[in-house]
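A short worksheet on the structure shown next.
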Amino acid sequence: MAQVDRRAPLVHLNLRVRGMKPSATIAIQERSTRMAAAGAVVYRLGLGQSPFPVPDCVVRELKKHAHEKAYLPVRGLPELREAIAAHHRKSYGIDCAAKNVIIGPGSKELMFLMQLVYYGDIVIPTPSWVSYEPQARIIGRQVYRLPTLRDNEWKLVPEQIESLCDGDPTRPRLLILNYPANPGGGSYSDADLRALAEKAREFNLVLLSDEIYGKTRFDGKHGSIAKYYPEGTILSGGLSKWCGAGGWRLGFFIVPDRLSWLLDAMAVAASETFTSTSAPIQFAAVRAFQGGPEIDRYLRASRRILRGLGALLSSKLRGAGAQLPDPEGAFYLFPDFSMLRTSLALRGIHTSAQLCERLLVETGVAVLPGSDFARPAEELTLRLSYVDFDGRRALQAARRHPGGGDLPESFFKKYAASTLEGASRLCDWVKK
Ligand code: GLU
């Protein structure tokens, strides 16, 4: 038997943990903070955090409920579950009730629990958000990537589902769709969703429809695939992106009756892990999902700002040689600098990770490489989050430009100066 050194210092046990890197979005934010604290000028286009404040009516509810101290039910506050179900019935025509809803401390946590309790392969169209795949790997699930095309606006097409599933049609699979998309910024039309739904049904897929950016869709016309594949779609959402409340950590899943066994299993796992979601936040969230004129005004103004800024930055990036579609929602751009491959190679840049590292060190612009979004290392893509500005100030200023029309470039120069400056630095630097 091998000799065990009983005096081995604890530090040598460090191989006994899962060898994973921290989440890319969180790591870039922490690095930006450290750099700024050390005196560097940093353009924070890394983490995707809403620039806008939480609407005042929702903040008031939080203050009113600050004294709520009891653990709430594992699946969530009944009034909130009802408010979320009512909202989705009314706004998106989803056939659901409070019993279909589970609340969690962020949809990210619910996704992890879902992957934990569901024994099946995880299927991810790429580019995809940074954490779906690492979550699957932590748990030990098999991951299949379905690479999408820039020329098709990074959208999944039904034939890709067909060719993945055809050889083994009954294998249990969980397909994760995200629209408006992080990082691509695109969304699906009703016809696209119908076609994808048909294929998902054919192969009995469990579909996780991540609609956390749904309400940021610039034209206000978000629709859910749950309408076309109600029996197999789990709709995921939260407060973080449309309500400026990332740090509040409130997410939800709407799970159809046919998948109630999955909801039950998630609730068991939740009861053994986070127990329940913060009580005051849940009370405040009821107000957010009740909606009304104040929230509608807030949403219209924030979409108008994001639409204008997204279009302006896309055209600037194109001017610098990038290829990218115009965004339709969320606050991300995913430019592809492959056309500049030769000149970048002369500067020693061959991968998206090298591109972003050099960019950060040489210009202070923090963005994330395409490789963090499950794209090939050599593809010269990156994700830019256009959120480095004071959203409260911008919302107030947008009110002084009546009508819903396009805001002028001068507006963004004044109210999103840091984001524009970061993007200009990026453009100048790649063209060098
Ligand atoms: N979803 C955001 C992003 O992609 C940040 C939050 C997170 O990744 O946990 O940047």
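The values are calculated or read from the model by the stated rules, or taken from the named source; none is laboratory data. Source: prediction; values computed, not measured. Virtual Cβ from ideal backbone geometry, glycine too; neighbours counted across all protein chains shown.
Quick check on segment 94-107. Is at least one of its residues within 16 Å of the ligand (Cβ to nearest atom), out of contact with any strand residue (DSSP E or B) (no Cβ under 6 Å at 6 or more places or on another chain) and modelled with pLDDT of 95 or more?
Yes, segment 94-107 contains a residue that is within 16 Å of the ligand (Cβ to nearest atom), out of contact with any strand residue (DSSP E or B) (no Cβ under 6 Å at 6 or more places or on another chain) and modelled with pLDDT of 95 or more.
Between GLU109, GLU68, which is under 30 Å from GLY232 (Cα atoms), surrounded by 14 or more Cβ atoms within 10 Å (Cβ to Cβ) and either acidic (Asp, Glu) or in contact with a Pro (Cβ under 6 Å, 6 or more places away or on another chain) (or both)?
GLU109
Applying the selection to segment 251-301, what residues are touching a His at 6+ places or on another chain (Cβ under 8 Å) and among the aromatic types (Phe, Trp, Tyr)?
Result: PHE283, PHE289.
Let me confirm something: among HIS88, HIS67, which residue is under 21 Å from LEU259 (Cα atoms) and modelled with pLDDT of 95 or more?
Exactly one of HIS88, HIS67 is under 21 Å from LEU259 (Cα atoms) and modelled with pLDDT of 95 or more, namely HIS88.
Can you give me the number of residues within segment 273-289 that are under 22 Å from LYS215 (Cβ atoms) and not hydrophobic (A, V, I, L, M, F, W, C)?
Number of matching residues: 4.
Residue by residue through segment 36-71, note down the ones that are over 24 Å from ASP372 (Cβ atoms), assigned to a loop (DSSP other than H, G, I, E, B) and of a type in the set (Val, Ile, Thr). Write out each step before concluding.
Within segment 36-71, the first condition is being over 24 Å from ASP372 (Cβ atoms), and the residues that meet it are 39, 52-71.
Cutting the leftovers down to assigned to a loop (DSSP other than H, G, I, E, B) gives us 39, 52-55, 65-71.
VAL54, the sole residue that qualifies.
Please specify each residue of segment 136-155 satisfying the condition of being free of Cβ contacts under 8 Å to residues at least 60 places away in the same chain and in a strand (DSSP E or B).
So in segment 136-155, the residues free of Cβ contacts under 8 Å to residues at least 60 places away in the same chain come out as 136, 139-144, 146, 148-149, 151-152, 155.
Result: VAL143, TYR144, LEU146.
Residues that are under 30 Å from PHE389 (Cα atoms), within 16 Å of the ligand (Cβ to nearest atom) and among the aliphatic types (A, V, I, L, M): does segment 135-150 have at least one?
no
Right, ALA197: buried (at least 21 other Cβ atoms within 10 Å of the Cβ) and within 22 Å of LEU47 (Cα to Cα) or not?
Taking the combined requirement at face value, the residue does not satisfy it.
Give segment 388-412 a look and list any residue that's buried (at least 16 other Cβ atoms within 10 Å of the Cβ) and either aromatic (Phe, Trp, Tyr) or within 21 Å of GLY246 (Cα to Cα) (or both), or say none.
Within segment 388-412, ASP388, PHE389, ASP390, GLY391, ALA394, LEU395, PHE411, PHE412 meet the criteria.
How many residues are more than 16 Å from the ligand (Cβ to nearest atom), part of a loop (DSSP other than H, G, I, E, B) and among the charged types (D, E, K, R) when one looks only at segment 383-402?
Total meeting the criteria: 2.
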